[in-house]
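Colleague: Structure in structure tokens, see below.
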Amino acid sequence: MDIIPVIDLMDGQVVHARHGDRHNYRPIQSALCTGSEPLHIIDSLLRLYPFKRLYIADINAIQERGHHADLIKRFRSQYPALEIWMDAGIHQPETASDWHQHGVLCVIGSESLPDMASYQSIRQALGESLVLSLDFSRSKFLGPDKLLQDRSLWPKRVIAMSLDKVGSGNGPDMELLNGLQNATTQIYAAGGIRNVTDLLTLAGCGVAGALIASVLHAGQLTNEQIQNIHLSSARNTTSA
């Protein structure tokens, strides 16, 4: 299972995402380092473990009140080996194609899509070079209904984003995750993950990966635990 750290950018800082209540996000307080400066946070995450991927949520862009485009491009140049997944409220194929040209993997959040035509045009432009985030809040799907109902529209990588569980420490939404699993899609869990036990449970259920933030900044995961999860998943994949 792939463990992917998350940073939420708002007004130039990394903030602590809680319950999807973006208007009340505050600068992160982390056991890994002091301050909330983005490059400092990324360095601290990579000192904890050499993660291969980093998920970035540009909260300003999602809320359509500015963006962190220059900063994210700086991340891309400063950490060339790090694969960046980015949700910046993208709903136009031209924007998605521009980010693809910069080597960023676009996360298309269902909550940001005005209609199915927008999604279809982005999918046509990027093919499988995108990640679809199916966004939920209190079990309600946020986005065009057809996108949830017709799984043939999904790319190979899909995030099950439980916004109300983000930063809650209430555990992942196993009912949602089990309902989305299928043979052709890699499902990534996001929201509520508390500890290594949750990660092992998710791995045992066939979840391809997990997006995590709070559990890392609370100091609840060690390098050894992360390494063991990755090694265990690799062994299970080889034996299968």
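The values are calculated or read from the model by the stated rules, or taken from the named source; none is laboratory data. Quantities reported herein were computed from a predicted structural model and do not represent experimental measurements. Here the Cβ positions follow ideal geometry from the backbone for every residue, glycine too, while neighbour counts run over all protein chains shown.
Colleague: Is segment 7-20 home to any residue that is part of a helix (DSSP H, G or I) and surrounded by 14 or more Cβ atoms within 10 Å (Cβ to Cβ)? Step through it out loud before you land on a result.
Modeller: Going residue by residue through segment 7-20, those that are part of a helix (DSSP H, G or I) are none.
No, because not a single residue in segment 7-20 is part of a helix (DSSP H, G or I) and surrounded by 14 or more Cβ atoms within 10 Å (Cβ to Cβ).
Colleague: Conditions: (1) touching a strand residue (DSSP E or B) at 6+ places or on another chain (Cβ under 9 Å); (2) free of Cβ contacts under 8 Å to residues at least 60 places away in the same chain. Residue 71 meets all but one. Number of the miss?
Modeller: For residue 71, the exception is condition (2).
Colleague: Separate question: Could you tell me how many of the residues in segment 32-68 are surrounded by fewer than 18 Cβ atoms within 10 Å (Cβ to Cβ), closer than 22 Å to residue 133 by Cα and small (Gly, Ala, Ser)?
Modeller: Of the residues in segment 32-68, 1 are surrounded by fewer than 18 Cβ atoms within 10 Å (Cβ to Cβ), closer than 22 Å to residue 133 by Cα and small (Gly, Ala, Ser).
Colleague: So residue 85 clears everything in (1) farther than 21 Å from residue 121 by Cβ; (2) part of a strand (DSSP E or B); (3) of a type outside the set (Asp, Glu) except one condition, right? Which one?
Modeller: (1)
Colleague: Restricting attention to segment 35-52, and to residues there that are of a type outside the set (Asp, Glu) and not in a helix (DSSP H, G or I), which single residue is nearest to residue 16 (Cα to Cα)?
Modeller: Restricting attention to segment 35-52, the residues satisfying the condition of being of a type outside the set (Asp, Glu) are 35-36, 38-42, 44-52.
Next, only the ones that are not in a helix (DSSP H, G or I) stay: 35-36, 49-52.
Values: 35: 12, 36: 10, 49: 20, 50: 22, 51: 20, 52: 22 Å.
Residue satisfying both the conditions and the ranking: 36.
Colleague: Give the residues of segment 145-175 that are buried (at least 19 other Cβ atoms within 10 Å of the Cβ) and over 25 Å from residue 203 (Cβ atoms), sorted by residue number.
Modeller: Once the filter is applied, which keeps residues that are buried (at least 19 other Cβ atoms within 10 Å of the Cβ) and over 25 Å from residue 203 (Cβ atoms), segment 145-175 yields only 147.
Colleague: Which condition number does residue 234 fail, the rest of (1) out of contact with any Gly (no Cβ under 7 Å at 6 or more places or on another chain); (2) of a type in the set (A, V, I, L, M, F, W, C); (3) under 18 Å from residue 5 (Cβ atoms); (4) at pLDDT below 90 being met?
Modeller: (3)
Colleague: Same structure again: Counting only residues that are in contact (Cβ under 8 Å) with a residue 40 or more places away in the chain, more than 16 Å from residue 97 (Cβ to Cβ) and in a strand (DSSP E or B), how many does segment 108-151 have?
Modeller: 5
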